[in-house]
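Asker: The structure follows.
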Amino acid sequence: MSEWTFLAVRQEGAVGVIELARPDVLNALSRQMVAEIVAAVESFDRDEAVRVIVLTGRGRAFAAGADIQEMADDDPIRLEWLNQFADWDRLSLVKTPMIAAVNGLALGGGFELALSCDWIIASAAAEFGFPEVNLGVMPGAGGTQRLTKLIGPKRALEWLWTGARMSAKEAEQLGIVTRVVSPELLMEETMRLAGRLAEQPPLALRLIKEAVQKAVDYPLYEGMQFERKNFYLLFASEDQKEGMAAFLEKRKPRFQGK
Amino acid sequence: MSETIRYEVKGQVAWLTLNRPDQLNAFTEQMNAEVTKALKQAGADQNVRCVVITGAGRAFCAGEDLSGVTEEMDHGDVLRTRYAPMMKALHHLEKPVVAAVNGAAAGAGMSLALACDFRLLSEKASFAPAFIHVGLVPDAGHLYYLPRLIGRAKALELAVLGEKVAAEEAVALGLATKVIPLSSWEEEVKQFAERLAAMPTKAIGLIKRLLRESQEATFDRYLEREAECQRIAGLTSDHREGVKAFFEKRKPIFQGN
């Protein structure tokens, strides 16, 4: 018996793969399912052998939004007590590089889940959007914030106000998607990129991720101070000694995450 | 059930026949929707390995049914809501599509033929880029496809002068694959379609994908796409069969995947 109800979780080498596995409901993100996703991501994040985490969806959709039935009768007080978005906040604390392999529709919460990852690799057939506005509401798991920081307020409003769907190509041109690949090769290419990342020095990847996240939120001076500290810190690692020694000896380095 | 078209799968060929012969198969809102649906159905049907679009009666398609055009009509919305979905479905159909142009293809009817991969013309076929005669611009993707088929100069001549192009002239321009005599029309169209249906369908779909990409992508990106498509083709059973048949000195039997 799997410990996961809504997911198929596996590890391939140093890559942890989490597949959303409710294709009959287009992987609609119920609260329970989000909780499971976060738990699976965190368990990979704690595992030193896992260097990269890949999130993808089974079937036609990556995730076509929240479970509307579940929230149709909610009121603000209940939502405050539920505090469901605290689960989403935990995704921001994950240090392992995360890649979303977006196989199809990524709408609403599905788009937010993809935006919570560090890279989005998209099938050419993928589509992104925030249709919440059409239901009289708005994104609640970071959509307005993450999209705006990525593409700027004017363009973010265009998509958030209209609820229109963005093609994979448009998302790539806007800088949201890292790479668009043929649908047939989505997982193969994603695993190839993940495999390449998994060979990079993991401590450097983690501290770089942290510094880039700060760049989005900090003023330049504070960001540069933060970067400097992380730069110094990496000199405490064996990987730094190995990397520089290999460079000087003209050989390939072997990084161990120490 | 479709009312304005006939959709039949015979063997591995899907035949989409525009079926309003009394109105020369002119487009109505319903016909746009039914063609769109049939194209999507053909795309999703694993058994279909070639699509033929043709017209019932003496015309291929007379374009938009002008009897439905009113003073209040928003021509832009007609294109956005009726024609764009149909043309997108055709543009993204990754199987060989043959326009069997049995008679006049006018206006958007000509556009429909231009969007197909092959145009087989009967002796009685003709193209009429008639938009200019009613003070409109060519639509339904017309000027996207036309210069890519015959170059800008000829495309502009056709669009601005609006002269009818007869079958032989269309072949000379590079607008069509060939002209077929009336006596053997149905037989030759069928043979052509069945020949395509017996080919490596996945590879044909990938060729179409790459040709689309070549119009939009930078060279470096195109080469990456090419590598991806060759990787996909290299994984097909048709590729293995082709190589095997080559070494065994026999004709390959392709399954389309």
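The values are calculated or read from the model by the stated rules, or taken from the named source; none is laboratory data. Note that the structure is predicted; figures quoted are calculated from it, not measured. FYI the Cβ positions are ideal-geometry reconstructions off the backbone, even for glycines, and counts take in every protein chain you see. Calculation scope for accessible area: heavy atoms of the full protein, side chains included, ligands and nucleic acids excluded. Shrake-Rupley method; radii C 1.70, N 1.55, O 1.52, S 1.80 Å.
Asker: Among the residues that make up the range B:243-255, is at least one of them away from every other protein chain (no Cβ under 14 Å) and in contact with a Ser or Thr (Cβ under 9 Å, 6 or more places away or on another chain)? Working first, answer last.
Answerer: Residues of the range B:243-255 that are away from every other protein chain (no Cβ under 14 Å), as a first pass: B:243-255.
Then drop every residue that is not in contact with a Ser or Thr (Cβ under 9 Å, 6 or more places away or on another chain), which leaves B:254-255.
Yes; the residues of the range B:243-255 include at least one that is away from every other protein chain (no Cβ under 14 Å) and in contact with a Ser or Thr (Cβ under 9 Å, 6 or more places away or on another chain).
Asker: Taking the criterion of being open to solvent by less than 20 Å² (accessible area, probe 1.4 Å), within 15 Å of the chain's Cα centre (by Cα) and of a type in the set (Gly, Ala, Ser), would at least one residue in the range A:128-138 satisfy it? Steps first, please.
Answerer: First pass over the range A:128-138, keeping only residues open to solvent by less than 20 Å² (accessible area, probe 1.4 Å): A:128-130.
Filter again for within 15 Å of the chain's Cα centre (by Cα), leaving A:128.
Right, trim to of a type in the set (Gly, Ala, Ser) and you get none.
For the range A:128-138, residues open to solvent by less than 20 Å² (accessible area, probe 1.4 Å), within 15 Å of the chain's Cα centre (by Cα) and of a type in the set (Gly, Ala, Ser): absent.
Asker: Tell me, which residue of the range B:25-34 that is hydrophobic (A, V, I, L, M, F, W, C) and in contact with a helix residue (DSSP H, G or I) (Cβ under 8 Å, 6 or more places away or on another chain) is surrounded by the most Cβ atoms within 10 Å (Cβ to Cβ)? Can you show your working first?
Answerer: Our first condition is that a residue be hydrophobic (A, V, I, L, M, F, W, C); within the range B:25-34, this holds for B:26-27, B:31, B:33.
Subsequent filtering for residues that are in contact with a helix residue (DSSP H, G or I) (Cβ under 8 Å, 6 or more places away or on another chain) retains B:26-27, B:33.
Numbers: B:Ala26: 23, B:Phe27: 27, B:Ala33: 17.
Filtering first and then ranking leaves B:Phe27.
Asker: Applying the selection to the range A:166-180, what residues are within 11 Å of chain B (Cβ to nearest Cβ) and of a type in the set (Asp, Glu)?
Answerer: Listed by number, the list holds a single entry, A:Glu172.
Asker: Testing B:Cys50 on (1) surrounded by fewer than 19 Cβ atoms within 10 Å (Cβ to Cβ); (2) within 25 Å of B:Ala197 (Cα to Cα); (3) in contact with a Leu (Cβ under 8 Å, 6 or more places away or on another chain); (4) not aromatic (Phe, Trp, Tyr), one condition comes back false. Which one is that?
Answerer: Tallying (1) surrounded by fewer than 19 Cβ atoms within 10 Å (Cβ to Cβ); (2) within 25 Å of B:Ala197 (Cα to Cα); (3) in contact with a Leu (Cβ under 8 Å, 6 or more places away or on another chain); (4) not aromatic (Phe, Trp, Tyr), B:Cys50 fails exactly one: (1).
Asker: Separate question: Go through B:Leu158, B:Leu143 for me and flag whichever is in contact with a Pro (Cβ under 7 Å, 6 or more places away or on another chain) and away from every other protein chain (no Cβ under 14 Å).
Answerer: On the way: B:Leu143 fails: in contact with a Pro (Cβ under 7 Å, 6 or more places away or on another chain).
On inspection, the qualifying residue turns out to be B:Leu158.
Asker: Among (1) more than 14 Å from every other protein chain (Cβ to nearest Cβ); (2) farther than 16 Å from A:Ala61 by Cα; (3) crowded, with 22+ Cβ neighbours inside 10 Å, where does A:Trp119 come up short?
Answerer: In the conditions (1) more than 14 Å from every other protein chain (Cβ to nearest Cβ); (2) farther than 16 Å from A:Ala61 by Cα; (3) crowded, with 22+ Cβ neighbours inside 10 Å, A:Trp119 misses (3) alone.
Asker: Considering each of A:Ala106, A:Ala86, A:Ala101, A:Ala114 in turn, give the residue that is assigned to a helix (DSSP H, G or I), of a type in the set (A, V, I, L, M) and buried (at least 24 other Cβ atoms within 10 Å of the Cβ).
Answerer: After applying the criteria, what remains is A:Ala114.
Asker: Working only within the range A:139-183, note down all residues that are of a type in the set (Val, Ile, Thr), open to solvent by 50 Å² or more (accessible area, probe 1.4 Å) and under 17 Å from A:Gly108 (Cβ atoms). Before the answer, list the steps.
Answerer: Residues of the range A:139-183 of a type in the set (Val, Ile, Thr): A:144, A:148, A:151, A:162, A:176-178, A:180-181.
Remaining after also requiring open to solvent by 50 Å² or more (accessible area, probe 1.4 Å): A:162, A:178.
Within the range A:139-183, A:Thr162 is the sole residue that qualifies.
Asker: While we're here: So is B:Lys37 surrounded by 14 or more Cβ atoms within 10 Å (Cβ to Cβ), among the basic types (Lys, Arg) and not in a loop (DSSP other than H, G, I, E, B) or not?
Answerer: On the way: surrounded by 14 or more Cβ atoms within 10 Å (Cβ to Cβ): yes; among the basic types (Lys, Arg): yes; not in a loop (DSSP other than H, G, I, E, B): yes.
Taking the combined requirement at face value, the residue satisfies it.
Asker: Could you please give the count of residues in the range A:181-213 that are of a type in the set (A, V, I, L, M) and within 14 Å of chain B (Cβ to nearest Cβ)?
Answerer: Of the residues in the range A:181-213, 6 are of a type in the set (A, V, I, L, M) and within 14 Å of chain B (Cβ to nearest Cβ).
Asker: Quick check on this structure: which one of B:Thr81, B:Thr54, B:Thr70 is outside any helix (DSSP H, G or I) and either more than 28 Å from B:Gly11 (Cα to Cα) or free of Cβ contacts under 8 Å to residues at least 40 places away in the same chain (or both)? First the steps, then the outcome.
Answerer: Values: B:Thr81 fails: outside any helix (DSSP H, G or I); B:Thr54 fails: either more than 28 Å from B:Gly11 (Cα to Cα) or free of Cβ contacts under 8 Å to residues at least 40 places away in the same chain (or both).
Residue meeting the stated conditions: B:Thr70.
Asker: Further question: Tell me whether the range B:165-175 contains one or more residues that are under 27 Å from B:Arg49 (Cα atoms), open to solvent by 20 Å² or more (accessible area, probe 1.4 Å), in the same structural domain as B:Leu16 (by TED's automatic domain parsing) and among the aliphatic types (A, V, I, L, M).
Answerer: yes
Asker: Same structure again: Among the numbered criteria (1) away from every other protein chain (no Cβ under 14 Å); (2) open to solvent by less than 30 Å² (accessible area, probe 1.4 Å); (3) touching a Pro at 6+ places or on another chain (Cβ under 9 Å), which single criterion is violated by B:Val189?
Answerer: Only one criterion is unmet by B:Val189, namely (3).
Asker: If you go through the range B:103-121 one residue at a time, do you hit one that is open to solvent by 70 Å² or more (accessible area, probe 1.4 Å) and within 22 Å of A:Ala125 (Cα to Cα)? Working first, answer last.
Answerer: Narrowing the range B:103-121 to residues open to solvent by 70 Å² or more (accessible area, probe 1.4 Å): none.
Among the residues of the range B:103-121, not one is open to solvent by 70 Å² or more (accessible area, probe 1.4 Å) and within 22 Å of A:Ala125 (Cα to Cα), which makes the answer no.
Asker: Further question: Looking only at residues in the range A:27-41 that are out of contact with any helix residue (DSSP H, G or I) (no Cβ under 7 Å at 6 or more places or on another chain) and surrounded by fewer than 20 Cβ atoms within 10 Å (Cβ to Cβ), which one is modelled with the lowest pLDDT?
Answerer: Only one residue fits best here, namely A:Gln32.
Asker: Give just the number: which of (1) open to solvent by less than 60 Å² (accessible area, probe 1.4 Å); (2) without any contact (Cβ under 8 Å) to a residue 24 or more places away in the chain; (3) within 13 Å of chain A (Cβ to nearest Cβ) does B:Ile232 not satisfy?
Answerer: Here B:Ile232 clears every test but (2).
Asker: Taking the conditions exactly as written (open to solvent by less than 30 Å² (accessible area, probe 1.4 Å) and of a type in the set (Phe, Trp, Tyr)), does A:Phe62 satisfy them or not?
Answerer: Values: open to solvent by less than 30 Å² (accessible area, probe 1.4 Å): yes; of a type in the set (Phe, Trp, Tyr): yes.
Spelling it out, A:Phe62 is indeed open to solvent by less than 30 Å² (accessible area, probe 1.4 Å) and of a type in the set (Phe, Trp, Tyr).
Asker: For the range B:154-212: of the residues being among the acidic types (Asp, Glu) and not in a loop (DSSP other than H, G, I, E, B), which is farthest from the chain's Cα centre (by Cα)? I'd like the intermediate steps shown before the answer.
Answerer: Just the residues of the range B:154-212 that are among the acidic types (Asp, Glu), to begin with: B:157, B:163, B:168-169, B:186-188, B:194.
Pick out the ones that are also not in a loop (DSSP other than H, G, I, E, B) and you get B:157, B:168-169, B:186-188, B:194.
On the way: B:Glu157: 22, B:Glu168: 19, B:Glu169: 19, B:Glu186: 18, B:Glu187: 19, B:Glu188: 17, B:Glu194: 16 Å.
If we take residues in the range B:154-212 being among the acidic types (Asp, Glu) and not in a loop (DSSP other than H, G, I, E, B), then B:Glu157 is farthest from the chain's Cα centre (by Cα).
Asker: Then there is this: Considering only residues of the range B:213-223 that are within 11 Å of another protein chain (Cβ to nearest Cβ) and exposed (fewer than 15 other Cβ atoms within 10 Å of the Cβ), which is nearest to the chain's Cα centre (by Cα)? Please lay out each step first, then the result.
Answerer: Narrowing the range B:213-223 to residues within 11 Å of another protein chain (Cβ to nearest Cβ): B:213, B:216-217, B:221.
Now drop any that are not exposed (fewer than 15 other Cβ atoms within 10 Å of the Cβ), which leaves B:216, B:221.
Numbers: B:Glu216: 20, B:Arg221: 27 Å.
Only one residue tops the list, namely B:Glu216.
Asker: Filter the range B:122-151 down to residues that are touching a strand residue (DSSP E or B) at 6+ places or on another chain (Cβ under 7 Å) and not in a strand (DSSP E or B) and give me whichever is most open to solvent (accessible area, probe 1.4 Å).
Answerer: In the first step, residues of the range B:122-151 are kept if they are touching a strand residue (DSSP E or B) at 6+ places or on another chain (Cβ under 7 Å); the result is B:122-123, B:125-128, B:130.
If we keep only those that are not in a strand (DSSP E or B) too, we end up with B:123, B:125, B:130.
Details: B:Glu123: 104, B:Ala125: 5, B:Ala130: 38 Å².
This residue is B:Glu123.
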